[in-house]
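Before any comments, here is the structure.
The values are calculated or read from the model by the stated rules, or taken from the named source; none is laboratory data. Since the structure is predicted, the reported quantities are computational estimates derived from the model, not experimental observations. All Cβ positions, even for glycine, are placed from backbone atoms using ideal geometry, and neighbour counts span all protein chains on display. In case anyone asks, the SASA skips ligands and DNA or RNA and just uses the protein heavy atoms, side chains included. Shrake-Rupley method; radii C 1.70, N 1.55, O 1.52, S 1.80 Å.
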Amino acid sequence: MDQQKLVVIGGDAVGMSAASRTKRRRPDMEIEVFEMGEYVSYGACGMPYYISGQVRELEDLVVLTPRDFEEKRGIRVQMGHRVEEIRPEQRKVLVKEIATGRVREADYDKLLIATGAEPVVPPGLDVSLPGVFTLRGLPDAGRIKDYIGRRKIDAGVIVGAGYIGLEMAEGLSRAGLKLTLLVRSKVMSSLEEEVAQIVVKELEREGVKLEVGASVAETAAGEGGRIEIRLTGGRVLHAPLVLVGTGVRPRSELAGRAGLTLGVKGAIKVDRRQRTSRPEIFAAGDCAEAYHRLLGRNAYLPLALTANRQGRVVGDNIAGIEREFPGILGTAVFKVFDLTVARTGLGLAEAREAGLDVVKVVVDSASRAGYYPGGEPIKTVVVAERGTKKAWGVQMAGRDGVAHRINTWAAAISAGLSLEEIKDLDLAYTPPYSPVWDPVLQAADVASKHSAQG
Ligand SMILES: Cc1cc2nc3c(=O)[nH]c(=O)nc-3n(C[C@H](O)[C@H](O)[C@H](O)COP(=O)(O)OP(=O)(O)OC[C@H]3O[C@@H](n4cnc5c(N)ncnc54)[C@H](O)[C@@H]3O)c2cc1C
């Protein structure tokens with residue numbers, strides 16, 4: 001039998017985990033990865049902490065180098081190579097070496113599209129202006145940090161209050177910038193109001209000025225190296241740095257041009273084995289849909305663990321081991337200054353849209369025993385189904401002990417436990433870590449009572 005070849009487009013979380021898994025399972029398979037950037041296998045999630053100064057070197061965010069993959073794993077990695085076209089009928093891709101402009105063809109038996117996502121830039125925001133940045137790859141983080149250092153930047157405007165905008169509010173603030181955050185309608189639109197309000201308070205406490213209801217109409221180069229930001233209402237702000245954090249969209253254009261079906265929010269449509277509308281072409285990570293366990297259908301929620309998990313599923317399937325992606329719950333956590341915000345499952349509106357008869361139950365508790373120092377309030381919002389007493393979603397915010405508790409909720413929801421069962425869980429207790437009745441147990445108990453009526 002001829003040696004089979006896998007070509008991977010994109011060398012980060014999905015691309016490299018799929019390539020590694022395939023090679024482990026099928027050492028005989030030839031694997032070639034094309035990455036248009038300067039890095040493979042990097043921790044994009046760490047960039048706000050590089051900009052803040054908590055992570056010292058950009059290279060610290062690189063997990064493995066192309067050489068590691070070549071020498072230790074037998075995976076060929078072509079850096080600075082952009083795939084320009086997929087020709088499914090011929091099982092070929094057209095690849096351009098960016099430095100020389102040379103274009104060549106590469107054949108494949110199996111193809112993985114792992115092109116990730118790209119920032120959405122609203123009209124009016126000119127990212128070609130010096131001082132206006134998006135943040136996606138490590139070079140972006142390098143440029144931002146360098147710009148701040150070289151020009152001694154002390155103020156900035158962040159456009160958008162999604163999790164990247166919020167993490168960067170902390171990152172840039174720690175780097176010494178006085179910040180204004182432009183919020184079109186609401187801070188983190190996927191958060192329930194009770195949790196979003198806590199985020200707003202934290203930002204204000206840290207001196208971030210919020211402009212709610214503000215959209216950018218136009219940006220232009222202003223005097224003294226500052227950017228002029230004209231808002232839709234006519235008001236004009238001036239700042240030496242603008243960070244655009246208005247969300248991402250799947251980088252699926254290449255797939256679309258090749259005739260592959262696109263699905264939710266323009267992400268590449270995939271089945272549970274991550275196969276696209278052509279079975280020899282796989283797609284996963286931020287460029288693709290992900291199966292949502294609670295909705296029972298695909299959704300688009302681009303996150304790092306999803307990418308890594310899907311990468312392994314792709315690797316197994318390419319190696320001939322049939323495996324389905326078990327799915328996501330939409331579990332996510334982020335930190336903004338001293339606050340941790342986390343969620344799993346569906347929000348109230350999402351659950352209602354899915355046709356569920358749900359109530360929202362808000363429970364306040366403390367992270368530690370009352371007498372033990374360092375305890376902080378925790379707010380838990382449970383979206384519970386009337387009658388069945390099933391939890392469909394949970395959101396939490398607090399300064400202590402939130403991240404591990406959302407994982408308890410995620411595990412419980414994943415296992416299909418009812419609120420009655422969750423309130424009876426045998427969780428660990430000692431005063432420095434929780435009250436006797438952990439906030440998870442307290443919230444499950446209250447939510448179970450409030451969702452009793454059918
Ligand atoms: C600032 C920031 C913070 C984040 N924090 C978190 C967090 O805390 N938790 C979390 O879960 N997620 C977080 N994420 C999201 C997480 O980084 C992504 O979900 C993850 O990187 C997705 O991996 P991927 O491999 O699908 O895509 P990507 O990481 O986007 O990689 C895609 C790669 O494909 C390459 N590529 C694209 N097109 C081509 C082409 N035509 N030819 C060749 N190469 C190509 C790109 O250069 C890129 O390297 C964060 C993201 C950012 C930007």
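Residue-wise test of (1) under 30 Å from THR344 (Cα atoms); (2) exposed (fewer than 14 other Cβ atoms within 10 Å of the Cβ).
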residue: ALA169; (1), (2): yes, no
residue: ALA175; (1), (2): no, no
residue: SER185; (1), (2): yes, yes
residue: LYS201; (1), (2): yes, yes
residue: ALA214; (1), (2): yes, no
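Residues checked against (1) of a type in the set (Asp, Glu); (2) in contact with a Leu (Cβ under 6 Å, 6 or more places away or on another chain); (3) over 22 Å from ARG151 (Cβ atoms):
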| position | (1), (2), (3) |
| --- | --- |
| GLY213 | no, no, yes |
| GLU218 | yes, no, yes |
| ARG226 | no, no, no |
| ILE229 | no, yes, no |
| HIS238 | no, no, no |
| LEU241 | no, no, no |
| VAL244 | no, yes, no |
| GLY247 | no, no, yes |
| PRO250 | no, no, yes |
Is it the case, given these coordinates, that LEU346 is closer than 24 Å to ALA444 by Cβ and in contact with a strand residue (DSSP E or B) (Cβ under 7 Å, 6 or more places away or on another chain)? yes
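For the stretch 261-312, enumerate the residues that are within 22 Å of GLN4 (Cα to Cα) and open to solvent by less than 30 Å² (accessible area, probe 1.4 Å). Please lay out each step first, then the result.
From the stretch 261-312, those within 22 Å of GLN4 (Cα to Cα) are 273-284, 310-312; that's our starting set.
Within the stretch 261-312, GLN274, THR276, GLU280, ILE281, PHE282, ALA283, ALA284, GLN310, GLY311 meet the criteria.
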Look at ILE98 and say whether it is aliphatic (A, V, I, L, M), open to solvent by 40 Å² or more (accessible area, probe 1.4 Å) and within 13 Å of the ligand (Cβ to nearest atom). yes
Residue among VAL93, VAL157, VAL195 that is within 12 Å of the ligand (Cβ to nearest atom) and buried (at least 18 other Cβ atoms within 10 Å of the Cβ): VAL93
Among (1) open to solvent by 20 Å² or more (accessible area, probe 1.4 Å); (2) within 28 Å of PRO435 (Cβ to Cβ), the one test that GLU324 misses: (2)
Considering the stretch 63-80 alone, what residues qualify as being β-branched (Val, Ile, Thr) and within 12 Å of the ligand (Cβ to nearest atom)? VAL63, VAL77
Tell me, which residue of the stretch 27-57 that is surrounded by fewer than 24 Cβ atoms within 10 Å (Cβ to Cβ) and of a type in the set (Asp, Glu) is farthest from the ligand (Cβ to nearest atom)? ASP28
Across the stretch 378-392, the tally of residues that are at positive phi and touching a helix residue (DSSP H, G or I) at 6+ places or on another chain (Cβ under 8 Å) stands at 1
Output yes when any residue across the stretch 6-28 is over 17 Å from ILE113 (Cα atoms), in contact with a Lys or Arg (Cβ under 8 Å, 6 or more places away or on another chain) and of a type in the set (A, V, I, L, M), and no when none is. no
Answer yes if at least one residue in the stretch 420-438 is in contact with a strand residue (DSSP E or B) (Cβ under 6 Å, 6 or more places away or on another chain) and over 26 Å from TYR371 (Cβ atoms), and no otherwise. no
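Tell me yes or no: at least one residue of the stretch 158-168 is farther than 30 Å from GLU35 by Cβ and modelled with pLDDT of 95 or more. Outline the logic, then answer.
So in the stretch 158-168, the residues farther than 30 Å from GLU35 by Cβ come out as 161.
Still in the list and also modelled with pLDDT of 95 or more: 161.
Checked the stretch 158-168: at least one residue is farther than 30 Å from GLU35 by Cβ and modelled with pLDDT of 95 or more.
In this structure, is ASP107 of a type outside the set (A, V, I, L, M), in contact (Cβ under 8 Å) with a residue 12 or more places away in the chain and exposed (fewer than 15 other Cβ atoms within 10 Å of the Cβ)? If you could, list the steps in order and put the result at the bottom.
Details: of a type outside the set (A, V, I, L, M): yes; in contact (Cβ under 8 Å) with a residue 12 or more places away in the chain: yes; exposed (fewer than 15 other Cβ atoms within 10 Å of the Cβ): yes.
Answer is yes for this residue.
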Hey, ALA288 under 22 Å from GLU85 (Cβ atoms), within 15 Å of the ligand (Cβ to nearest atom), at pLDDT 95 or above and under 17 Å from the mean Cα position of the chain (by Cα) or not: yes
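With GLY116, GLY124 as the choices, which residue is touching a helix residue (DSSP H, G or I) at 6+ places or on another chain (Cβ under 9 Å) and open to solvent by less than 40 Å² (accessible area, probe 1.4 Å)?
That would be GLY116, the only listed residue that is touching a helix residue (DSSP H, G or I) at 6+ places or on another chain (Cβ under 9 Å) and open to solvent by less than 40 Å² (accessible area, probe 1.4 Å).
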Residues of the stretch 141-162 satisfying the condition of being farther than 24 Å from GLU211 by Cβ and touching a residue at least 12 places away in the same chain (Cβ under 8 Å): ALA141, GLY142, LYS145
Result of the Cβ filter at 7 Å on the stretch 61-88, keeping first residues that are small (Gly, Ala, Ser) and partners that are at pLDDT 95 or above and surrounded by 18 or more Cβ atoms within 10 Å (Cβ to Cβ), at least 6 apart or interchain, is GLY74/LYS23; GLY80/MET36
Please enumerate the residues belonging to the stretch 127-136 that are more than 22 Å from the chain's Cα centre (by Cα) and open to solvent by 50 Å² or more (accessible area, probe 1.4 Å). SER128, PRO130
Members of the stretch 298-328 that are in contact with a Phe, Trp or Tyr (Cβ under 9 Å, 6 or more places away or on another chain) and aromatic (Phe, Trp, Tyr): PHE325
Residues being in contact with a Ser or Thr (Cβ under 7 Å, 6 or more places away or on another chain) and in a helix (DSSP H, G or I): count how many of those fall in the stretch 402-426. 8
Which of the numbered conditions does GLY11 fail, given that it passes all the others? Conditions: (1) within 14 Å of the ligand (Cβ to nearest atom); (2) closer than 23 Å to ASN317 by Cα; (3) in contact with a helix residue (DSSP H, G or I) (Cβ under 7 Å, 6 or more places away or on another chain). (3)
